[in-house]
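The values are calculated or read from the model by the stated rules, or taken from the named source; none is laboratory data. These numbers were taken from a predicted model, which means no experiment stands behind them. Cβ: placed from backbone, ideal geometry, glycine included. Neighbour counts: every protein chain shown. All accessible areas refer to the heavy atoms of the entire protein, side chains included, with ligands and DNA or RNA removed. Shrake-Rupley method; radii C 1.70, N 1.55, O 1.52, S 1.80 Å.
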Amino acid sequence: QMALECTERSGRTFASAGTLAQIVLVAVLAAALATVPLWPASWSRNALPSQDDLAVPSRDDLAQLPTCGDWCEGHDAEITPCELDQAVTPCAGGAWCTTTCGMWTISRLGDPLESKVPCEVFAQAGAYAKGGLPCDPKCLSPEISPTRYPSPTGLGFFCDPGTCNPPVQARYEHDPAALARGMRVLQCPCHWFASDCTEGRELVRAVVKGASSDGLQVLRIEVGVTAKSRLIATHRPGGAVRILHYDDELAAREQPYALSLPALALPAAAGAGAGEEEESGFIELLSGPAEDSLDPRVTEVARRLRALPPGRWEA
C-alpha cells in the first residue's frame, strides 16, 4: 500500500474544479478474501495455524456449543468454539453462527484501545464489531456483495449502521463517539481495501485527463519518480490501485482502479510544477462509469474524477 495526501496549490486545482481537495493514492496487493475460520490475535502473519489447529467443530458439536459471552475473555484456549447469539450478532445460521472465543474477544470484549483488530482479521472481513451490522446493499458493489463475500457471519460485510464505513478503522482510536457506538480499532500498518491506516502514503501531484467519454476513461496520476517506483514494486497482477479522499469527518472515500500501462517519467519542467526537484512519474488507471444504484458516498471519488475536464489538474 502506498498513499499520498494531496493539498491545494495555486493554479488549476481539484478544489477549483469542484472535485477533490485532498486525495491519497494506495497500491493494494491482490488476494482473495477467504471465508475459512479466522485466527486469533496471538497468531502472526508468518506463523499461521494449520487446519488441524483450528478445532473446527463437527455437525454434532454445533448443537452443543456454548453461546459466546463474557466468559470468553481471557479464556485459555483462544480457538475454543462458541455460537453467536443472533439477537446480538446477526448471522446466517449453521456454521456461519460458529466462531471462536478469540474472535469474539477481538470483536466485542475488553478495551478496544488495548485489543485492536489485527490486519489479518480485517483483510478476511472477520471482525463483527459490537456496534456493527450487515451493510446496506447500496454500500456494496457487485464485486463485494454478500453472495460473493459472505464473511464474517454469512450476511456480508459489516458497516457502522447508517453509514457505509467499516466498523473497524484506525481512526476510531481517537473517536470516543465511535467507540461508544461499539466500533473497534484497526491495528496498523494494514495495507488492504477499506483500511484507513496512514503508513506509506505517496504524494499525488496531479491528475491528467484526456478526452472524456461515457465509457472507459484513462486517468494519468502524476507522482514523484521514486513514489511511482515504490507503487509499481508493490503491485501484483490482478491487484488494484486505490484512490482515497477524506471527508470532513476524516472518513476515507475509496475507489479501486485497475492499473493500465505505467507511463514514462517526464522531466520536472514538463511533468511537475515550478520548483519541483524530482522528476514526475505517471501511472495510468482505467475508470469506468459509476454505478447509479450504489450509495453516492461509495461512488463519490469515481464520479468526481470522471467529471474532471480534459487537462492537468494539480492536487
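Applying a threshold of 8 Å to beta carbon distances and a minimum spacing of six or more residues, or different chains, the list of pairs starting in the range 303-314 at a residue that is in contact (Cβ under 8 Å) with a residue 12 or more places away in the chain and ending at one that is assigned to a helix (DSSP H, G or I) and surrounded by fewer than 20 Cβ atoms within 10 Å (Cβ to Cβ) reads Arg303/Pro296.
Taken over the range 283-315, the criterion of being surrounded by fewer than 14 Cβ atoms within 10 Å (Cβ to Cβ) and part of a loop (DSSP other than H, G, I, E, B) is satisfied by Gly288, Glu291, Asp292, Ser293, Pro309, Pro310. I'd like the residue in the range 102-138 that is in contact with a strand residue (DSSP E or B) (Cβ under 6 Å, 6 or more places away or on another chain) and either of a type in the set (Asp, Glu) or in a helix (DSSP H, G or I) (or both) and, out of all such residues, is surrounded by the most Cβ atoms within 10 Å (Cβ to Cβ). This residue is Ile106. Out of Gly126, Gly156, Gly162, report the one residue that is out of contact with any Cys (no Cβ under 8 Å at 6 or more places or on another chain), small (Gly, Ala, Ser) and in contact (Cβ under 8 Å) with a residue 12 or more places away in the chain. The match here is Gly126.
One residue stands out in the range 146-189 among those that are surrounded by fewer than 16 Cβ atoms within 10 Å (Cβ to Cβ) and β-branched (Val, Ile, Thr): the one that is nearest to Ala125 (Cα to Cα), namely Thr147. Of everything in the range 251-272 that is open to solvent by less than 20 Å² (accessible area, probe 1.4 Å) and in a loop (DSSP other than H, G, I, E, B), the residue that is modelled with the lowest pLDDT is Ala272. Sub-8 Å Cβ pairs linking a first residue in the range 71-94 that is farther than 17 Å from Gly182 by Cα and hydrophobic (A, V, I, L, M, F, W, C) to a second residue that is open to solvent by 60 Å² or more (accessible area, probe 1.4 Å) and modelled with pLDDT under 90, at least 6 apart or interchain, are Ile79/Asp53, ordered by first then second residue. When each of Val208, Val218, Val225 is tested for being crowded, with 18+ Cβ neighbours inside 10 Å and either in contact (Cβ under 8 Å) with a residue 24 or more places away in the chain or of a type outside the set (A, V, I, L, M, F, W, C) (or both), the lone residue that passes is Val208. All told, Arg201 falls short of being open to solvent by less than 40 Å² (accessible area, probe 1.4 Å), of a type in the set (Lys, Arg) and touching an Asp or Glu at 6+ places or on another chain (Cβ under 9 Å).
Can you say whether Ser151 is part of a loop (DSSP other than H, G, I, E, B), touching a Ser or Thr at 6+ places or on another chain (Cβ under 6 Å) and hydroxyl-bearing (Ser, Thr, Tyr), as far as the supplied structure shows? Judged against the criteria, Ser151 is a match.
Listed by first and then second residue, the pairs linking a residue in the range 279-299 that is farther than 13 Å from Thr163 by Cα to a residue that is among the basic types (Lys, Arg) and open to solvent by 10 Å² or more (accessible area, probe 1.4 Å), with Cβ atoms under 6 Å apart and 6 or more places separating them unless they lie on different chains, are Gly281/Lys228; Phe282/Arg220; Glu284/Arg220; Ser287/Arg306; Ala290/Arg303. Scanning the range 162-188 for residues that are part of a loop (DSSP other than H, G, I, E, B) and in contact with a helix residue (DSSP H, G or I) (Cβ under 7 Å, 6 or more places away or on another chain) returns Cys164, Met183, Gln187, Cys188. Among residues of the range 74-101 being open to solvent by 30 Å² or more (accessible area, probe 1.4 Å) and at positive phi, the one that is modelled with the lowest pLDDT is Gly74.
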